[in-house]
Amino acid sequence: MSTPIYNFSAGPATLPEDVLKQAQAELLDYQGTGFSVMTMSHRSDLFMDIMQRAENSLRQLMNIPNNYKVLFLQGGASAQFNMLSLNLAQGFKTINSVVTGNWSLMANNEMGKLVDAKIHVAAHAGELYNYNNLPSPSAWQLDESAAYTHYTSNETVHGLQYQALPTAALTNTPLVCDMSSDIISRPVNVNDFGVIYAGAQKNIGPAGTTIVIIREDLLERSSPLVPSVWNYKSHVDKEGMYNTPATYPVYIAGLVFDWLIQQGGVSAIEAKNNEKAAQLYAYIDSSDGYYKNTIDAAVRSKMNVIFHTASAERDAQFAKEADQAGLKLLKGYKSMGGMRASIYNAMPLAGVEALIKFMDEFKARNA
Ligand code: PMP
């Protein structure tokens, strides 16, 4: 038997094997239609049904209330940084921004463009903790007259994650959350948010579609001056068909949602995610300093586990040898160095166990 391959990519990331097998089986002939999902008109009943079912499954998984709209947009999570402010900040003087790592900093630097509202940094984990800890929501210095409060629940690059999310009671401003790298990995209360958005390519499916879950009343804020393709309202008014959605990624996302429902939903996967992360961090912490993760234990990400050895050379050797052993794409983000093991929903516990075994052998060989 060949050695199993485990893919630790941060995104696009590993997908459930059952989903890929189903997609393969249906690639040329979708459910007896004689043609592929890829070649269907997005306005055909067939595809509209695929998209509606994907939305329904996501609604079921996240328990999304009826006063929230669900959109499958293009442009990635990055496009949302600007779409959010263009749509939600008209007529406001400020936007609250919580900086906790690479991605929220990107949002921070983008959200003030083309709008009058100025960015108000409510907390900055880099300045406060050198990204080794997170400012607790109760310590965010919020401007209560701001258009909204933006934060990122899981920092994919820095390996930090809010383990307890702020509730709506924290502020009068709508909470807007970039959940790109931990959506559907644990239960959240959608009612706490004005907007949740997430690029698909971690826990949801292939790159190309971005989920936006937006509270209905916020749609009234956007002005007709916002270009239509960037206007949430045009997408909602046309039921997601304002322009061509990324049809194939939406189809795969639907399969992933159904896979997750079969796994028992987000509470069940959360228990598995907790176990995977607990084992990996426990090993790192028990490695006598051979592997290091300096993040405060209370905010370590359960999705992206970063670690490094004593030198950049050793890290490079680790990533190379791990790759040869079937443990793929462990090299850390370019600005961070070290390693990053992304262990999203679709990573089985066996993958984490294989990684720990390899880490231990590597340590024994190179200590
Ligand atoms: N936010 C987070 C938390 C991310 O991890 C990423 C991508 N890694 C982005 C935003 C940007 O996503 P995209 O490349 O889809 O624009």
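Data overview
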| item | result |
| --- | --- |
| Extreme residue, nearest to ASN102 (Cα to Cα), among residues of region 66-80 that are among the aliphatic types (A, V, I, L, M) and within 11 Å of the ligand (Cβ to nearest atom) | ALA77 |
| Residue count, region 242-264 (criterion: in contact (Cβ under 8 Å) with a residue 24 or more places away in the chain and either touching a Gly at 6+ places or on another chain (Cβ under 8 Å) or assigned to a helix (DSSP H, G or I) (or both)) | 16 |
| Meets criteria (basic (Lys, Arg) and over 18 Å from ILE5 (Cα atoms)) for ARG365 | yes |
| Any hit, region 111-120, residues being surrounded by 22 or more Cβ atoms within 10 Å (Cβ to Cβ), over 30 Å from ASN274 (Cβ atoms) and within 14 Å of the ligand (Cβ to nearest atom) | yes |
| So GLN74, is it touching a residue at least 12 places away in the same chain (Cβ under 8 Å) and touching an Asp or Glu at 6+ places or on another chain (Cβ under 9 Å) | no |
| Residue among MET83, MET40, MET62 that alone is within 16 Å of the ligand (Cβ to nearest atom), crowded, with 18+ Cβ neighbours inside 10 Å and touching a residue at least 60 places away in the same chain (Cβ under 8 Å) | MET83 |
| Of all residues making up region 3-37, the number that are polar (S, T, N, Q), away from the ligand (no atom under 16 Å from the Cβ) and within 30 Å of SER181 (Cβ to Cβ) | 4 |
| Residues of region 248-264 satisfying the condition of being crowded, with 17+ Cβ neighbours inside 10 Å and of a type in the set (Gly, Ala, Ser) | ALA253, GLY254 |
| Every residue from region 86-110 that is of a type in the set (A, V, I, L, M) and within 12 Å of the ligand (Cβ to nearest atom) | LEU105, MET106, ALA107 |
| Residue satisfying condition, being in a helix (DSSP H, G or I) and free of Cβ contacts under 8 Å to residues at least 60 places away in the same chain, within set GLU239, GLU220 | GLU220 |
| Residue within region 312-331 that is out of contact with any helix residue (DSSP H, G or I) (no Cβ under 6 Å at 6 or more places or on another chain) and at positive phi present | yes |
| Number of the condition not met by TYR129 [criteria: (1) closer than 17 Å to ILE295 by Cβ; (2) under 20 Å from the mean Cα position of the chain (by Cα); (3) away from the ligand (no atom under 13 Å from the Cβ); (4) not polar (S, T, N, Q)] | (2) |
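Matching residues to (1) in contact with a Ser or Thr (Cβ under 7 Å, 6 or more places away or on another chain); (2) of a type outside the set (S, T, N, Q); (3) more than 29 Å from TYR162 (Cβ to Cβ):
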| position | (1), (2), (3) |
| --- | --- |
| TYR281 | no, yes, no |
| ILE284 | no, yes, no |
| SER301 | no, no, no |
| ASN304 | yes, no, no |
| HIS308 | no, yes, no |
| SER311 | no, no, yes |
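Throughout, read-outs are computed from the coordinates displayed, never taken from laboratory work. It should be emphasised that the depicted structure is a prediction, and the values quoted were computed from it without experimental measurement. As a convention, Cβ positions derive from the backbone with ideal geometry for all residues, glycine included, and neighbour counts pool all protein chains shown.
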